[in-house]
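Only the coordinates and a few stated rules stand behind these numbers; no lab work does. Fair warning: this is a prediction, and the values are worked out from it, not measured in the lab. No Cβ is skipped: glycine too gets one built from the backbone with ideal geometry, and neighbour counts run over all protein chains shown.
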Amino acid sequence: MVTYQYRCPGCGDVDVRRPMGDASARLPCPHCGTAARRVFTSPRTRLVAPGLVAALDTAGASAENPQVATRGPERPAPRLAHPLHARLPRP
């Protein structure tokens, strides 16, 4: 089901849920019965997770102005499997 938005001259904006592709250009207002015309709006992107929005923004920004790395990543010291291995003699 998709939510379509219609604008009634008397009641204002009205949301109607219909199967996808089953929206007409005009619809009787569910409140007053006056002919309401369909309003085309952007998709409801407010339901997208904030992390995904940030990742998409970052990807879009790096496509136009890529950041250049000046040095490699810092490598942490290797972690030994067991703390007592650090006491073993080194060659």
Within the range 53-91, how many residues turn out to be surrounded by 10 or more Cβ atoms within 10 Å (Cβ to Cβ) and aliphatic (A, V, I, L, M)? 6
Mind listing whichever residues of the range 59-84 are of a type in the set (A, V, I, L, M) and in a loop (DSSP other than H, G, I, E, B)? V68, A69, A77, L80, A81
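If a residue has to be touching a Phe, Trp or Tyr at 6+ places or on another chain (Cβ under 7 Å) and either under 17 Å from M1 (Cα atoms) or of a type in the set (G, A, S) (or both) to count, how many in the range 28-38 make the cut?
Final tally of qualifying residues: 2.
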